[in-house]
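What follows is a single structure, written as structure tokens, with notes after it.
The values are calculated or read from the model by the stated rules, or taken from the named source; none is laboratory data. The structure displayed is predicted, hence computed values, not measured ones. So basically every Cβ, Gly included, is an ideal-geometry build from the backbone, and we count neighbours across all protein chains shown. Ligands, DNA and RNA are stripped out before the accessible areas are found, and what is left, the full protein with its side chains, is counted by its heavy atoms. Shrake-Rupley method; radii C 1.70, N 1.55, O 1.52, S 1.80 Å.
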Amino acid sequence: MSFNTFGHIFRVTTWGESHGPALGATVDGCPPGVPVTEEALQHWLDLRKPGQNKFTTQRREPDAVEILSGVFEGVSTGHPIQLMIRNTDQRSKDYGDIAEKFRPGHADITYWQKYGIRDYRGGGRSSARETAARVAAGGVARAALAKLAPKLRITGYMVQMGPHGIDRARFNWDEIEKNPFWSPDAKAAEDWAEYLDALRKSGDSVGAVIEVTARGVPAGLGAPVYGKLDTDLAAAMMSINAVKGVEIGEGMAAAALTGTENADEITMGPDGPDYSSNHAGGILGGISTGQDVVVRFAVKPTSSILTPRKTITKSGEPTEIVTKGRHDPCVGIRAVPVAEAMAACVILDHLLWHRGHVGENQGQIG
């Protein structure tokens, strides 16, 4: 049994390994007539690809996407869309020393315990390289959303690196694509650059917190009890490599609030319900309210570091390990485009599900 597919109606199956000849995604359930081109998908992959600055892995992959099926004359046919990205800059020899050792913090040991075989070249299927396929699939989802929900906008950004968070008073949407950290706070981005450069030179790494906001999400997406929008968003984000915690809206901080503070009061506005705040993150009872949908997740520090760490071999002997190769000092940076792609896939999936089950929203207000 294998679990390489996610989604209900809009379904994505990813395949391939970090050091194999290629990786990719099979996208099923995209409606027909959606404009899909390699050039459009490449835009999103270029935001994620490695080697763009000194703060990410220096593996040089063009991440050029090829469409093998499901598109004719520039639009989707309604049939499975096969996407392929060839690997071109593998350095498998960098991993020869760890073939018999388990890297602390990696999936090496659990893959071996479960399957009795593991691809030690960059982690194989457990590598974050797999996320390139998700970004390609997310490009298809964005194209469909642009046609079905043209007002919807999905934006990811980093809100914390290590112990250093942004100042929300300086939050500026226009700053996000102007710095290598996807930070909405220009001052925080400057501070992070100095902080991460020192960590990188010392051979260490650090974690981060990423936030994704989906604006213009229609009310009514999601279903009780096991089809909640936030359930699927949380699962999608948790499936991203190195993610160790997910929260919606106020998240864990809601535990410190009173009911009076946490409840988002409702008034009637000119265009429908207005909410005084958004502690719920745009989702109530698993169903979208029409407010911004806000999801946030924590990414652990990159486990591949140059600092020697204690470990064991496959035979159980104690040893030390230094992970050579090219790795991100803060993997959270390149997690931002991945998170946007996963959010796009989930929201499109729920939009199609809603249209098939309910059609138009049934309950009118005002």
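What is the extension gain from PHE72 to THR319, computed as 0.36 nm multiplied by their sequence separation minus the C-alpha to C-alpha distance, in nm to one decimal?
Details: separation 247, 0.36 × 247 = 88.92 nm, distance 5.50 nm.
Residue separation times 0.36 nm, minus the Cα-Cα distance, leaves 83.4 nm.
Determine, from the Cβ-Cβ distance of LYS310 and SER277 and an R0 of 45 Å, the FRET efficiency 1/(1 + (r/R0)^6), rounded to the nearest 0.05.
Values: r = 48 Å, r/R0 = 1.06.
It comes to 0.40.
VAL209: accessible area at probe 1.4 Å, nearest 10 Å²?
30 Å²
Take the residue pairs LYS49/LYS147; LYS49/LYS178; LYS114/LYS314 and return only those whose Cα atoms are more than 20 Å apart.
On the way: LYS49/LYS147 26 Å; LYS49/LYS178 17 Å; LYS114/LYS314 13 Å.
Exceeds cut-off: LYS49/LYS147.
So what is the relative contact order for the chain, in percent, with contacts set as C-alpha pairs under 8 Å and at least six apart?
On the way: 768 pairs, mean separation 78.6, N = 366.
Result for the chain is 21 percent.
Which net charge results for the neighbourhood of GLN82, defined as the other residues with beta-carbon distances under 14 angstrom from its beta-carbon, given Lys and Arg at +1 and Asp and Glu at -1? Please report the intermediate quantities before stating the final value.
On the way: positive: ARG11, ARG86; negative: ASP28, GLU38, GLU66.
Within the 14 Å Cβ shell, the charges total -1.
Just to confirm, what accessible area per residue do you get for the chain at 1.4 Å probe, in whole Å²? Spell out each step's value before the answer.
Numbers: 17490 Å² over 366 residues.
Solvent-accessible surface per residue comes out at 48 Å².
Quick one: helix 229-238 against the long Cα principal axis of the chain, what's the angle to the nearest 10°, folded into 0 to 90?
Roughly 10 degrees, rounded to the nearest 10.
About the Cα centre of the chain, how large is the charge dipole given +1 on each Lys and Arg Cβ and -1 on each Asp and Glu Cβ? Please answer in debye to the nearest 20.
Working: 39 positive and 43 negative charges, 263 e Å.
Dipole magnitude for the chain comes out near 1260 debye.
For a quick check of understanding: with a 1.4 angstrom probe and all protein chains in place, what accessible area in square angstrom does TRP15 have, to the nearest ten?
Here the accessible area works out near 80 Å².
State the percentage of accessible surface on the chain attributable to carbon and sulfur atoms; use a 1.4 Å probe and exclude ligands, DNA and RNA. Mind dumping the intermediate values first?
Working: 9390 of 17490 Å².
That fraction is 54 percent.
For segment 67-171, what relative contact order do you get, as a whole percent, if you take Cα pairs closer than 8 Å and at least 6 residues apart?
Values: 56 pairs, mean separation 17.6, N = 105.
For segment 67-171, the relative contact order is 17 percent.
Got a sec? Charge dipole of the chain, +1 on Cβ for Lys and Arg, -1 for Asp and Glu; which of ALA128, TYR195, ALA208 is way out at the positive end?
ALA128
Post the alpha-carbon centroid distance, segment 145-162 to segment 260-309, in whole angstrom.
13 Å
Considering Cα pairs under 8 angstrom that are at least six residues apart, work out the relative contact order of segment 153-240 and quote it in whole percent. Provide the component values of the computation, followed by the final result.
Values: 94 pairs, mean separation 28.9, N = 88.
For segment 153-240, the relative contact order is 33 percent.
Highest mean first, how do 302-310, 18-26, 347-355 rank when packing is the count of other Cβ atoms within 10 Å averaged over residues? Display every interim value, and only then the final one.
Numbers: 302-310: 16.1, 18-26: 19.9, 347-355: 22.8.
The peptides rank, most packed first, as 347-355, 18-26, 302-310.
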